[in-house]
Every structure is written in structure tokens, then in C-alpha cells.
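Encoded as C-alpha cells, the structure appears first; notes follow it.
The values are calculated or read from the model by the stated rules, or taken from the named source; none is laboratory data. In this text, all values refer to a predicted model and were calculated from it rather than measured experimentally. Virtual Cβ from ideal backbone geometry, glycine too; neighbours counted across all protein chains shown. SASA here: full protein model, heavy atoms, side chains in, ligands and nucleic acids out. Shrake-Rupley method; radii C 1.70, N 1.55, O 1.52, S 1.80 Å.
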Amino acid sequence: HFLMNTLNNIHSLIEGDQKLAQNAVLKLSEMMRYLLYESGRGTTTLRKEIDFLHSYLELMQLRVDKSIVVNLDLPEEFNNVNLPPLLFIPFIENAFKHGVSYREPSALSFKLIQQNDALEFVALNTISKYGNNDSLNHLGGFGLENIQKRLDLIYGDRHNLEIYKSDHDFRVKLTIPA
């Protein structure tokens, strides 16, 4: 879905903003290279994962209205530890899928903190009363269940995944060893 939507967005940019379309194609190319070559190795570096997150969010923001508030807070300085690739992307995808409404104010926020020997990733999104939140009515659709299984396989009991849903927002906090 991401690839097809991104290509459609780039197609619509070509006539209106050729420079932005060219940059989006380059960003998508970098991301595809990462997906093909880095994600299959089992581990990647925090630097490469952060670069991927930046690129992913840039392309996702092409898809949403400018009224949607998107905040990304990633460390500029960090220990470049190894971690599984694409660990945080499902939380960002879910936030865009369930947290964007064009009928009321929407906000998405993503934060990565490295402290001591741990990485903490927090994703927060508003929940629209008009949005696509059916799978969030209970805490844990198939996507979150699959993420939990992946974390259990990789980290066993050395990770912590907290999921919180209220009437107005949805928050995920993942802590893993680093």
C-alpha cells in the first residue's frame, strides 16, 4: 500500500511541483534500497533506521493535508547500536492509518530516546470519532499482535511494549535493549 500510494502521490506532483516529485523519487529509491538490502540481514544500525524513519515520514507527509500535525523527535547524537530493521515502522503506519482525519484536528507524534542501555520509541496519535478506528476498539489488532510476536522472538522478556487507548488518543511505547 505504501509503495502504490507513494507512486500515486509522486505522479500527482509531477505536473504541479517537479522538484518535489524528483526529490520524492530519490527518497523512495533510497528507501527501496534499504528495504531490499538492509532489512534482509536481520540487523541494521540505528543510524540507518533513523534515516529510514526520516525518509518514510517525509513521503507520508506528501499524502496528508498540511493541517495534519506531524512531529518527529529523533536523537541527533546517539550510540550507533545494532537493532532489528523496520522495528518502529508498523507503529508509524498504524498512526497514519488510524490517526488522520480530515473532518477534525489530527496530530501524530513520534519520539525515539536512547538512554543508558535502552531505546524507547513512543508513537502517539489522535483518534477521530469519524476515522478508521474499528481495529483499535480493542487493544491489539492483528498488526499489533504480530509486532508483539516479533518482539517476543527477538527479545524474549527483555522488551516492554505498552499500549494505551483513550477516547481521544492512542499511544504505543516500546522499550528495547540497546
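Structure values in brief
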{"item": "Some residue of region 68-78 being assigned to a loop (DSSP other than H, G, I, E, B), surrounded by 18 or more Cβ atoms within 10 Å (Cβ to Cβ), under 14 Å from the mean Cα position of the chain (by Cα) and not polar (S, T, N, Q)", "result": "yes"}
{"item": "Output for region 1-44, where each listed residue is open to solvent by less than 60 Å² (accessible area, probe 1.4 Å), outside any helix (DSSP H, G or I) and touching a helix residue (DSSP H, G or I) at 6+ places or on another chain (Cβ under 9 Å)", "result": "T44"}
{"item": "Among the residues listed as E58, E104, the single one being farther than 28 Å from N23 by Cα and either assigned to a strand (DSSP E or B) or modelled with pLDDT under 95 (or both)", "result": "E104"}
{"item": "Scan of region 107-119 for residues that are in a loop (DSSP other than H, G, I, E, B) and at pLDDT 90 or above, ordered by number", "result": "D117"}
{"item": "Out of F52, F88, sole residue that is of a type in the set (F, W, Y), within 15 Å of N125 (Cβ to Cβ) and modelled with pLDDT of 90 or more", "result": "F88"}
{"item": "Selected residue (only one of D65, D51 is free of Cβ contacts under 8 Å to residues at least 40 places away in the same chain, of a type in the set (D, E, K, R) and in contact with a helix residue (DSSP H, G or I) (Cβ under 9 Å, 6 or more places away or on another chain))", "result": "D51"}
{"item": "Residue list for region 79-99, restricted to those being open to solvent by 70 Å² or more (accessible area, probe 1.4 Å), free of Cβ contacts under 8 Å to residues at least 40 places away in the same chain and under 12 Å from the mean Cα position of the chain (by Cα)", "result": "K97"}
{"item": "Residue that is surrounded by the fewest Cβ atoms within 10 Å (Cβ to Cβ) [pool: residues in region 120-163 that are at pLDDT 95 or above and aromatic (F, W, Y)]", "result": "Y155"}
